[in-house]
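Working notes, beginning with the structure itself.
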Amino acid sequence: MSETEKKNHVYSHTDSSKVVMSEEEWQKILPKDVYHIARQKGTERPWSSSFEKSNEVGTYYCAVCGNPLFKSDTKFESGCGWPSFYEPISKSSIIYTPDNMHGMRRTEVTCGRCKSHLGHVFDDGPPPTGLRYCINGVVLDFEKAKEAEENWKNNEQGTGKND
Ligand SMILES: [Zn+2]
């Protein structure tokens, strides 16, 4: 369990109600690196995220609030140095905002639940969407498909049956 989950009472993989909190509160509950990227629109160093090379099967969540963002099967090797995906889990997973900072016309992507900065989306991705969601690994939490399945099984029945 990450540091975020311990201190952060809004963190949930199932609650989709919007999260509104003051920046002061976020600063108190989030680890420093997460706060910097999520709330101050920072960018992690390229190639610094272990998710960049990962091809494990599972789900990527917002590290700030737990909102499900991307499935591993939409992740691809973009070579840009940040974890890259071509499609979010659902339309409401992500909020899109024009970003004209640093003399570039880009589209910023923020979490649909807590509005934390995640990264940017570009239109040079692979089919079927042609999009490249370039996301800071620091603001992602990953849960392996197997773990998710086991959690689900335990909740569902609680029988000790293995196959
Ligand atoms: Zn979030």
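Readers should treat all values here as calculations from the given coordinates under stated rules, not as data from a laboratory. Everything numeric here is computed off the predicted structure, so don't read it as measured data. All Cβ positions, glycine included, derive from the backbone under ideal geometry; neighbour counts span all protein chains shown.
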**Fill in**
Condition set more than 10 Å from the ligand (Cβ to nearest atom) and β-branched (Val, Ile, Thr), scope the stretch 102-139, selection nearest to Glu44 (Cα to Cα): answer is Val138
**Item:** First in the stretch 28-42 and closer than 14 Å to Gly119 by Cβ, second anywhere and of a type in the set (Ser, Thr, Tyr), Cβ under 6 Å, 6 or more apart
**Value:** Ala38/Ser116
**Item:** Selection status of Glu52, under 14 Å from the mean Cα position of the chain (by Cα) and more than 27 Å from Trp152 (Cβ to Cβ)
**Value:** yes
**Request:** Go through the stretch 8-60 and count every residue that is farther than 13 Å from Asp141 by Cβ and polar (S, T, N, Q).
**Result:** 9
**Prompt:** Looking only at the stretch 22-31, which residues are in a loop (DSSP other than H, G, I, E, B) and surrounded by fewer than 19 Cβ atoms within 10 Å (Cβ to Cβ)?
**Reply:** Ser22, Pro31
**Prompt:** Quick check, is Tyr86 touching a residue at least 40 places away in the same chain (Cβ under 8 Å) and either within 12 Å of the ligand (Cβ to nearest atom) or among the basic types (Lys, Arg) (or both)?
**Reply:** no
**Message:** Conditions first: (1) in contact with a helix residue (DSSP H, G or I) (Cβ under 6 Å, 6 or more places away or on another chain); (2) within 14 Å of the ligand (Cβ to nearest atom). Asp15 passes all but one, so which condition is the exception?
**Reply:** (1)
**Request:** Mind listing just one residue for me: the one in the stretch 59-82 that is over 20 Å from Glu44 (Cα atoms) and in contact (Cβ under 8 Å) with a residue 24 or more places away in the chain and, of those, nearest to the ligand (Cβ to nearest atom)?
**Result:** Asn67
